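Report on the following structure.
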Amino acid sequence: MHFTGSTAVFNNMWKTIGASMSRYKSYPRIVGETGGKDFIVAHSSADPVALSVAIARGGFEYQGQKCSAASRVYIPESIWPEVRDRAVAIMKDIRMGDPTDFRNFMGAVIDKKAFSKIGEYLDHGRKNANVVAGGVARGEEGYFIEPTLIETKDPGYRLLCEEIFGPVVTAHVYPDKKWSRTLKIVDETSPYALTGAVFSTDRRAIREASLALRNAAGNFYINDKPTGAVVGQQPFGGARASGTNDKAGSKLNLVRWVSARNIKETFSPPTDYRYPFMAEE
C-alpha cells in the first residue's frame, strides 16, 4: 500500500492491516506520506527580503493546503521588524479569487469542513496570540481565508505545533543569542518531520542547523521556502508522524516494491563433509 493523506487515516490503515496479518501470504509493504508542520528557522544573518518572500510563497501558495507548506517560522529579534513589515506588505498585495484568473495568487480552500477548521485556529490566534495581519475568513461566496501571520511569544503555542493545512503562518520571535537553543525547540516542538528550511548567510550557522535538524525534516532547504520539490530531482518524504520517508520519486521508493532474491551457484561443490582444519595428522 502506498498512501498519501492525513496521519490519522494512515494510522488507522496501519492498524487494520496489522489486525489482518493471518490472512496474508507475506508481510505487506506499507508506505505513507502524511502530514507536516513545516518550519522556517532564520539566523540573524538571514536576508530579510528573501525570508519574507519565502514566508509568503511557502505559507500562502495553494492556500497553504500542501503537506509541505510553511506553517511555523522562528525569527531573531534583530530582523523581525523588517521581515514582519515586508511580509505584511506582500500579504496586502496578494490577490485572492478565481484560480482561473492568473492574476490571483490564492483561491478558496477546498471545502466547508476545511474552512471551519481553519476558522477555529484563527479564533484561537485572536484570543491567545497576536494577529499581525489577515485573520479573516469570508464564506459568503466561496470559502476564502485571508493569508494570515500570527506572532506568539510561547514556543509551545498550539498554532506552532498542530497541522492547520491552511494559509496561516505562526511566528515565534527569539533572542539572537539563543540560536542553538531555538534549533532544539524547532526539533522538539512538532511530531512531524516532513520539510523545513534554514535562512542564513553564515555557513557555520547553516552547518549547525543542518546537523541539529537532521531528524526534523526529510526534505531540508537552505535559503529557500520549504516546499516545491521538483519531481525527478528532489525525492520527497519525511519521517516521524509525516510518514515512512520512502522518498517518492526516487529509486529508494522503487526498491520497496520488489522482492529481492539472492542466488549462489557453486561450480566446485565439496565432496567431504569435513573442513580442512579437521583433517587428521
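The values are calculated or read from the model by the stated rules, or taken from the named source; none is laboratory data. Everything quoted here is computed from the prediction, not taken from an experiment. Glycine also receives a Cβ, built like all others from the backbone with ideal geometry; neighbour counts cover every protein chain displayed. With ligands, DNA and RNA removed, areas are computed over all heavy atoms of the protein, side chains included. Shrake-Rupley method; radii C 1.70, N 1.55, O 1.52, S 1.80 Å.
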What's the tally of Lys pairs in region 105-244 whose alpha-carbon atoms lie under 19 angstrom apart, where the two lysines are 8 or more places apart or on different chains?
-> 5
If we count every other residue with Cβ under 13 angstrom of GLN65's Cβ, Lys/Arg +1 and Asp/Glu -1, where does the sum land?
-> -1
Give the residue from GLN63, ILE90, ALA46 lying farthest towards the positive end of the charge dipole for the chain; charges sit on Cβ (+1 for Lys and Arg, -1 for Asp and Glu) and the dipole is referred to the Cα centre.
-> GLN63
If the cut-off is 15 Å between C-alpha atoms, which aspartates and glutamates fall inside it for LYS66, apart from same-chain ones fewer than 8 positions away?
-> GLU33, ASP38, ASP111, GLU162, GLU163
Using alpha-carbon coordinates alone, the radius of gyration and Dmax of region 173-281 in Å work out to 24.3, 81
Largest fluctuation, THR16, THR244, THR152 only, Gaussian network model of the chain with Cα springs under 10 angstrom, belongs to THR16
Considering only DSSP states other than H, G, I, E and B, which trypsin sites (Lys or Arg not before Pro) in region 1-77 qualify as loop sites with at most 14 other Cβ atoms within 10 Å?
-> LYS25, ARG29
Could you give the nm distance between label points at LYS177 and ILE110, where each point is 7 Å from its Cα heading toward the beta carbon?
-> 4.6 nm
Rounded to the nearest 0.05, what FRET efficiency do ILE185 and VAL230 have when you use their Cβ-Cβ distance and R0 = 35 Å?
-> 0.70
Which residue, LEU254, LEU159, LEU183, has the most motion in a Gaussian network model of the chain that connects Cα atoms within less than 10 Å?
-> LEU254
How far is the Cα center of region 113-177 from the Cα center of region 44-58, in Å?
-> 19 Å
Protein accessible area in the chain, 1.4 Å probe - carbon and sulfur % = 52 percent
For region 171-268, run through the GluC sites (Glu not before Pro) and keep only the ones in DSSP coil with at most 11 other Cβ atoms within 10 Å of their Cβ.
-> GLU265
Using 0.36 nm per residue of separation minus the Cα-Cα distance, give me the extension gain between ASP93 and ARG29 in nm, one decimal.
-> 18.4 nm
Residue span ARG103 to SER268: 0.36 nm per residue of separation minus Cα-Cα distance leaves a gain in nm of 52.0 nm
Solvent-accessible area per residue, Å², over region 30-172 with all protein chains present [probe radius 1.4 Å] | 43 Å²
Answer label, with Cα Rg over 2.2 N^0.38 Å calculated from the coordinates and candidates (i) 0.92; (ii) 0.98; (iii) 1.28 = (iii)
Rounded if a/c is under 1.5, else prolate if a/b is larger than b/c, else oblate: which is region 107-266, with a ≥ b ≥ c the root eigenvalues of its Cα gyration tensor?
-> oblate
